[in-house]
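Each remark here refers to the structure printed beneath this line.
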């Protein structure tokens, strides 16, 4: 529902004539908002899936609650990191140096 409201607001503001000079700023703001909403939805879905798996696994073997908490937070951090990268790509910022740096750091 939030995505539909976001797209509706974007296209309604885009069609107004007095916002033509701000179209680049509006597009950037709505791009960031869209990426953040999708990221929020993805993290909530992953949290539900991890909780479901934890309940299933708890019946079979003993899993620490702290381990699952750390797993949830780690996955959220990774998802939000990729969202940050998507925002940088949306602003046409070159990420090749970052990717190379991460690759070299992964080898070392």
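The values are calculated or read from the model by the stated rules, or taken from the named source; none is laboratory data. Owing to the predicted nature of the structure, the values given are computational and were not obtained by experimental measurement. In this analysis, Cβ positions are derived from the backbone assuming ideal geometry, glycine residues included, and neighbour counts consider all displayed protein chains.
Here are some notes:
- Residues that are surrounded by 12 or more Cβ atoms within 10 Å (Cβ to Cβ) and under 28 Å from residue 33 (Cα atoms) were ranked within the stretch 60-77; the one that is modelled with the lowest pLDDT is 69.
Each row is one residue, and each column tells you yes or no for (1) under 11 Å from the mean Cα position of the chain (by Cα); (2) in contact (Cβ under 8 Å) with a residue 60 or more places away in the chain; (3) more than 30 Å from residue 27 (Cα to Cα).
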position	(1), (2), (3)
39	yes, no, no
44	yes, no, no
50	no, no, yes
53	no, no, yes
68	no, no, yes
72	no, no, yes
78	yes, no, no
84	yes, no, no
90	no, yes, no
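- The requirement of being surrounded by fewer than 14 Cβ atoms within 10 Å (Cβ to Cβ), at pLDDT 90 or above and part of a helix (DSSP H, G or I) is fulfilled somewhere in the stretch 23-43, by at least one residue.
- In summary, residue 57 fulfils each of the numbered conditions (1) surrounded by fewer than 16 Cβ atoms within 10 Å (Cβ to Cβ); (2) in contact (Cβ under 8 Å) with a residue 12 or more places away in the chain with the single exception of condition (2).
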